[in-house]
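K.L.:
There's a structure below that I have some questions on.
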Amino acid sequence: MEISILITVKNDLSNIKLLVSSLNIPDQDFEIVVVDAYSTDGTFEYLQTERERSKIILTRKDGNRAVGRNECIKLSSGKKLIFLDSDTEVAENWGVSLKTRLEHDILAGKIIQDSSSKWSDLERVPMLHKGKDVTYPSNNLMYSRTVIDKIGTFDENFNTAEDIDLNIRAIDNGYDIFYDESVVVSHHPRQTFKSLLRQSYSDGIGRRLIKKKYGLKSSFNRSNMRKHPIIESSRLAFGMLGYLFGGRN
């Protein structure tokens, strides 16, 4: 198998339906692996009905995203492993574009935020390691299996920021992360202000874990502050709360 599409999901029925529908790729070089973290909203039952039609390799495993993604890796057979979030849809030419970039050891594709959100234009908060961006999320992110075999899988001690940790280890082992805007997915961001702040709190926890392990400091996005001063100030405040008080590590 050439390419394994790896997805973790929990209680995200409406979004996973959109993702599976968008992954209707009539190509024998692709396989889809989904690990469900014991959803209670019908997500797993839906995936069971789609398993044969969409050729999904499906299992359940409890745990955080790192645990789920590592289980995906174990179940997959592809030489290239591409991670997708359940609240994502791939573009029509996504598979074709991806196959033209398989020479790269690590590839980060473009993520377009759903414009229905008031904060769809918020950008990632930068974090550089050895002068390179390590904040590419494990959504539309491809790793060669040879890289994973060398640097190891996701650190399951990370309840969040496990993708940043993986990217840092890749950079430390001499790899580069190639960014390509032709490999496109759309992402459905959190729709409520409360959920956005909850995510910011979680991000703060992740940044503290990265600081503890690598000594890397986070920053803030000046462009976000100019565009959405109230929202971005709130995000920073909740991120700092998560950094100071959240998590268990």
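The values are calculated or read from the model by the stated rules, or taken from the named source; none is laboratory data. Remember, it's a predicted structure, so these values are computed and weren't measured experimentally. All Cβ positions, glycine included, derive from the backbone under ideal geometry; neighbour counts span all protein chains shown.
K.L.:
Considering (1) touching a Phe, Trp or Tyr at 6+ places or on another chain (Cβ under 8 Å); (2) among the basic types (K, R); (3) within 22 Å of M142 (Cα to Cα), say which one R60 fails and leave the rest.
P.N.:
All conditions pass for R60, except number (3).
K.L.:
Another question about this same structure. Would you point out which residue out of K61, K55 is surrounded by fewer than 19 Cβ atoms within 10 Å (Cβ to Cβ), basic (K, R) and modelled with pLDDT of 95 or more?
P.N.:
K61
K.L.:
Somewhere in region 167-178, is a residue at pLDDT below 95 and under 18 Å from the mean Cα position of the chain (by Cα)?
P.N.:
No: region 167-178 contains no residue that is at pLDDT below 95 and under 18 Å from the mean Cα position of the chain (by Cα).
K.L.:
Which one is surrounded by the fewest Cβ atoms within 10 Å (Cβ to Cβ) among residues in region 140-178 that are among the aliphatic types (A, V, I, L, M) and not in a helix (DSSP H, G or I)?
P.N.:
I177
K.L.:
Pull up region 1-54, narrow it to residues that are of a type in the set (A, V, I, L, M, F, W, C) and in a helix (DSSP H, G or I), then point me to the one that is farthest from G95 (Cα to Cα).
P.N.:
F44
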